[in-house]
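The values are calculated or read from the model by the stated rules, or taken from the named source; none is laboratory data. Please read these numbers as outputs of a predicted model, since none were measured by experiment. For neighbour counting, all protein chains shown are included, and Cβ atoms are generated from backbone atoms with ideal geometry for every residue, glycine included.
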Amino acid sequence: MKTFLPFDSLGSFIIYTIGALAVFFTGIIAAMITTGVIIMADTVSGIWASRRRNEPFRSDKFSNLIAKFFLYQIVIICAHAIDIYMINMPIFL
């Protein structure tokens, strides 16, 4: 049975998928990098402030860094998807 997909093999499917993801992330890559830099600066300043106050370093607080990073990146991606696919979309087709 003939398929109606725009690719012939798995290799072309992967190339199309990578291309689609590259186009999607092109508009938000600067925001994602900036957010990552700001999170790292916040972490470094927090560690520096805790050392000045002679507080012990706790790994459970440091693990919040990973959750914060992924949460902020997911919010940026979702906001971009909403902007592209819902706001710029005509209300009545």
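Cβ-Cβ contacts under 6 Å between residues 6 or more apart (or on different chains), taken from a first residue in segment 36-52 that is within 19 Å of residue 69 (Cα to Cα) and surrounded by 10 or more Cβ atoms within 10 Å (Cβ to Cβ) to a second residue that is among the aromatic types (Phe, Trp, Tyr) and modelled with pLDDT under 90, are absent. Of all residues in segment 54-71, none that is over 11 Å from residue 39 (Cα atoms) has its Cβ atom under 7 Å from the Cβ atom of a residue that is surrounded by fewer than 11 Cβ atoms within 10 Å (Cβ to Cβ), 6 or more apart or on another chain. Hey, can you tell me all the residues within segment 57-74 that are surrounded by 10 or more Cβ atoms within 10 Å (Cβ to Cβ), out of contact with any helix residue (DSSP H, G or I) (no Cβ under 7 Å at 6 or more places or on another chain) and hydroxyl-bearing (Ser, Thr, Tyr)? Result: 63, single match. All conditions but one from (1) touching a helix residue (DSSP H, G or I) at 6+ places or on another chain (Cβ under 7 Å); (2) within 25 Å of residue 26 (Cα to Cα); (3) surrounded by fewer than 13 Cβ atoms within 10 Å (Cβ to Cβ) apply to residue 81; the one that does not is (1). Residues of segment 10-42 that are modelled with pLDDT of 90 or more and of a type in the set (S, T, N, Q): 34, 35.
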